[in-house]
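The values are calculated or read from the model by the stated rules, or taken from the named source; none is laboratory data. Small disclaimer: the values here were computed from a predicted structure and weren't measured. Counting neighbours? That spans all protein chains shown, and the Cβs are built from the backbone with ideal geometry, glycine included.
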Amino acid sequence: MDLSYRHLLDPSFAPASRVWVYQSGRRFSIAEALETEGLLENFLRDWKSHGVAVKGAGYLFFGQFLVLMADERATGVSGCSTDSSVRFVKQLEKLFDISFFDRTTLAFVRDHQIELLPISQISYAYENGLIGAGTLFFNNLVQTKQELESNWIITVEDSWLAKKIRALTRP
């Protein structure tokens, strides 16, 4: 599986640009992905903060991760503009019967595929070798473009999850 995505990020955005990663509960079909890209373009064209256009970008990575980015050097992102982005994501949920707000499911790369695992099953998966320290993990808690580039797809041992696994697997 080709996990390259950094080259797709708009280079004109500052490293400190705000980022929101929404993981879907399933992979989009090609038709859904194409429709989403059109809807995303429309949303970004109309995205405003206090009446001023937000310098925004949006991506659907690996058919499963919706990433929104706002460069606050151009326009600050207010509560209202953040709310409008959440409304947009909820519209996508409804349109495609998909979930973007389930924070209890984590994504890993196994056998060259993205696999979802409920957080409640992490210790079982680790103890049974389904995931290990070197397993790639999608750290959807990244908050800036710089973090997205350097800390989004990382090994389990380099993530916040390592501490949780150690706590869960201690006798």
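I'd like to check something: does segment 140-157 contain any residue that is crowded, with 19+ Cβ neighbours inside 10 Å, in contact with a strand residue (DSSP E or B) (Cβ under 7 Å, 6 or more places away or on another chain), assigned to a loop (DSSP other than H, G, I, E, B) and among the aromatic types (Phe, Trp, Tyr)? The answer is yes; a qualifying residue exists.
Here Ser99 qualifies as loosely packed, with under 15 Cβ neighbours inside 10 Å, out of contact with any Pro (no Cβ under 6 Å at 6 or more places or on another chain), at pLDDT 95 or above and more than 15 Å from Asp10 (Cβ to Cβ). Would you mind stating whether Ile154 is among the β-branched types (Val, Ile, Thr) and at pLDDT below 95? Spelling it out, it is not the case that Ile154 is among the β-branched types (Val, Ile, Thr) and at pLDDT below 95.
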